Structure formats: C-alpha cells, structure tokens
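The structure appears right after this line, and notes come after that.
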Amino acid sequence: MSIHQENPASVAPDELRQRAEELDRKDALAHYRDHFIGTDTPLSYLDGNSLGRPLKRTADDVAAFVRDEWGGRLIRGWDEKWLALPQTIGDQLGRAVIGAAAGQTIVADSTTVVLYKLIRAALAAVQDPDRNELVLDTENFPTDRYLVEGIALEEGLTLRWIEPDPAAGVTLDQVREAVGPRTAVVLISQIAYRSGHLADLPGITKAVHDAGAVVVWDLCHSAGSVEIDLDGADVDFAAGCTYKYLNGGPGSPAFAYVNARHLPSLNQPIWGWMGRKDAFEMAAGYQPADGIRGFLSGTPAIFGMIAMQGTLDLIEEAGMAAIRSKSKDLTAFAVEIFDAWLAPLGAELATPRSPGERGGHITVDHAGFTKATVEALWDGDVIPDFRSPHGIRVGLSPLSTSFAEVLDGMAAIRDRLQG
C-alpha cells in the first residue's frame, strides 16, 4: 500500500471517510492495533510520539514480574536475570530498531543523563586539543541544547550554532558549512521534534567524519518510526528514549549506542558501581567494565524495562521496513486531510511535504492555536500535542494508529478552527 505524493492534491471532505476506511482495509499492520489498550474506544490518540499506548500484554508482564521474579525470586533475580537485562534488551533494540550489532547498545538512565554521558564520552574520544567547538542547532529539543551549553561551560568550549528553517530541519549543507578543523563534537536529532524533518543521518555522519570530528545522534523521535542503520552509517554515538514508539511507559529508561570502535577506550564521566568491572567486589578504585557495560553507572531501572520488551517483540515480527511504510502512509493521509480541511481555514503545514523527508508526525500552525485549544481537544478525547508558539503536533504511531483515528482527530481540529 502506498499513498505517497510529493504535493498531495486536495480531497473533497465527503470522500475522506471512504478513503480512511479503504486505507484501514488495506493496512497490512492493522491487526497490531488490537495488541494495545484503548484502541477499541472512540478516543483519537494523536500523540504517540510523546507517549506510546501500553500493550495489553504489559499488564500481565508487570504482574508476572511482581509475582514471580521480584516476589518469588527476590534478590536472587539480580544473579539470575536482572544484571544482564540492560544488555539483553539493548541487543534486541539494536537488532530490531536501530541497525546495531550486538554489544553496542545498552538501556540505562534517563535520556538527559544518557546524552550527557555520550557527549562527554565523545569529547574524550577527540584527541586533538585544538578541537574546541561543539556544533548544535537552534531548533533541537531543549534538553539537547541545555546539555551542550552546560558542557561547553564546564569544559571551556565554544558553541557553533546551526540555524535551520523551523519548518524543516538541519540539512547536510548546513552541517558541511558548520564543521571544520576546530570541531570536536556535533549533536543533532535525526527527526526534528517540532517539524518532523528527517535529517540525512548517513550523509551528515560522513560530513562530520570528513571534518575529523565525532557525531552524537539523538534518536528519540526516530527509534521505532523510521529505519535506522547506525552500523552501516558508522555513527559514533547515539541515544534515544523508549516511551514513544517503543511503548516503554512514562519515564522508561533510555538507550545508548556506542560504536564498537570506541568501546575499547570508552570514557564516560559518571562512574558508578554498576559500571565497574566485577561490581560486587565492592573494591577500592574504579575499573570500568569491558565493552558497553562500562556505560552503566547506578543500579538499572529493571521495572522500567519490562514494558518495552513487548513492543520490541512486535517490531521484530512486523519489521521496521513495514512500520516505516505505514508511517509514511499515515502522515501522507494526515497531510491530505490538512489540505482538504485545515489549509482553507488559514492553517499552515510546518512539516516537509515529501514523506521521505519527515518522520512519524506533522505539525500544523495557525495563529488561533493556543495551549487552551489543545486542552479543549483533550477534553473531547482527541489528544494531539501543543508546540509553541501556535502549533498542533499530530504524532502517529504505526502499530497502534488507524487511518480512521487520524481522520476523526483532524476533524475535531477542523471543528475547533471553524468554531
């Protein structure tokens, strides 16, 4: 199934319901929707790129963990399973979602802490003392910007800002212009959190390497929505959250990817007992564990890893190629509805029109959109996201979202504009 168009033509409003029903009938992934809680209700959930729906099996998985593992095995669980879980899940995530061979991905900490550790590790991997610039962009997610600003202050480094089009994102040409002999580390999000722009990960990675620098990718909005091949692109470091398209639940721990060529000399800044070689020796002095385990710091959040296992199983079954194809179809349909219903009311699409240039969400701007607009939509069981100053972000999770759900949600947005 494909409905991709570079410049979608407007469709008469009375045809859109029929279009949605047809697309749902042809959707090869439609049956996966039944795995999620709440998809049998009238609610239109258009914010799966902020917090994914829970799987039905998650309730059973959590109950079984409490009863059989935590309650049954108690502290024995650490030796029997839990100590290895950050790497076990990391390897599955690497294999199914981000194109990483085993031994390079681990689940640990929050996204903010993971990114901090990765940026500092990336700086430690740069040997040239004359490389004292950090490159980032003005449209990146606030955490990314704050972290880099703070690290620059700590280390006495210079910030070089890329200023992308807010309705698009960082381009390869902009990166080529920004990097040079003084560049140490570049931090970029693969998908712009506001516009949904999909950056050229392989091209930008090569441009950074050609300049002699190191790249850290933020995959928070791309992991589980687009195909990623970190190994194939020779990415240095990457981080991503697990509560969006991976459905790990509120505050579920993030993941870190460290390219195998950096592991022998990995130097991350937060030394904790779980990252030490032979942690339970409780010995004096810090000796990092071999490989990706050396990225750990404190005790892993085992409870927070349970939910994502179910989604990783589904992703391996469905395949990221099929998931990406449906993601393109969902956003293309959303743009089609935008052209028919919202553009005539003065709304603007703040997202690239080409499906290949965007991730799993679109953003619609209108001068009349405020936080109160979204709150009113929420009260009516239509749940998009608000992005300042006047954007409504429509996030479409391929495994749990139907085309009819998109239509109903966009209809409610139209009605708010008309009202």
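Annotations
- Solvent-accessible ranking of Asp91, Asp14, Asp415, largest area first, probe 1.4 Å: Asp14, Asp415, Asp91
- Selection from Gly285, Ala332, Ala318, by position along the positive dipole direction of segment 284-338 (Cβ): Gly285
- Divide the volume of the convex hull around the Cα atoms of segment 316-411 by the residue count and you get 97 Å³ per residue.
- Take every pair of alpha-carbon atoms less than 8 Å apart whose residues are at least six positions apart; their mean separation over the length of segment 191-266 yields a relative contact order of 25 percent.
- The heavy atoms of Ser265 offer some 90 square angstrom of accessible surface to a 1.4 angstrom probe.
- Near Ala59, once Lys and Arg are set to +1 and Asp and Glu to -1 for all other residues with Cβ below 14 Å from its Cβ, the sum equals +2.
- With contacts taken as Cα pairs under 8 Å at a separation of at least 6 residues, the chain carries a relative contact order of 25 percent.
- Accessible area of His35 in the full protein assembly, 1.4 Å probe (Å², nearest 10): 80 Å²
- Spin-label pair Asp173/Trp161, simplified geometry with 7 Å Cα→Cβ offset, distance in nm: 2.2 nm
- Over the C-alpha trace of segment 46-115, radius of gyration and Dmax come out as 14.7, 42 angstrom.
- Diffusion of segment 229-296 by Stokes-Einstein, at 4 °C in a medium of 1.567 mPa s and with Rh set to the Kirkwood radius over alpha-carbon pairs, works out to 95 µm²/s.
- Normalised Debye scattering of segment 108-148 at q = 0.34 Å⁻¹ gives log10 I(q)/I(0) of -1.17, counting only Cα atoms as equal scatterers and leaving out solvent.
- With every protein chain in place and a 1.4 angstrom probe, the accessible-area ranking of Trp378, Trp341, largest first, reads Trp378, Trp341.
- Normalised by the number of residues in segment 239-372, the mean separation of alpha-carbon contacts (under 8 Å, six or more apart) gives a relative contact order of 19 percent.
- Check: the chain dipole with +1 on Lys, Arg Cβ and -1 on Asp, Glu Cβ, in debye: 620 debye
- Ranked by the mean number of other Cβ atoms within 10 Å of their residues, highest first, the peptides 289-301, 271-283, 43-55 come out as 43-55, 289-301, 271-283.
- With every protein chain in place, the chain: carbon and sulfur % of accessible area (1.4 Å): 51 percent
- Sorted largest first by accessible area at a 1.4 angstrom probe radius, with every protein chain in place, the residues Glu139, Glu15 fall in the order Glu15, Glu139.
- Where Rh is the Kirkwood radius over Cα pairs, Rg/Rh for segment 91-237: 0.93
- 0 to 90° range, to nearest 10: angle between helix 142-155 axis and the chain longest Cα axis: 30 degrees
- Solvent exposure of the chain amounts to 40 Å² per residue of accessible area, where only protein heavy atoms count and the probe is 1.4 Å.
- The chain: angle of helix 111-125 to the longest principal axis, Cα-based, in degrees nearest 10: 50 degrees
- Legend: residue pairs Lys206/Lys326; Lys328/Lys371; Lys26/Lys328, Cα-Cα distance threshold 18 Å; pairs beyond threshold, Lys206/Lys326; Lys328/Lys371.
The values are calculated or read from the model by the stated rules, or taken from the named source; none is laboratory data. As the structure is a prediction and not an experimental result, all values here were calculated from the model. In this analysis, Cβ positions are derived from the backbone assuming ideal geometry, glycine residues included, and neighbour counts consider all displayed protein chains. In case anyone asks, the SASA skips ligands and DNA or RNA and just uses the protein heavy atoms, side chains included. Shrake-Rupley method; radii C 1.70, N 1.55, O 1.52, S 1.80 Å.
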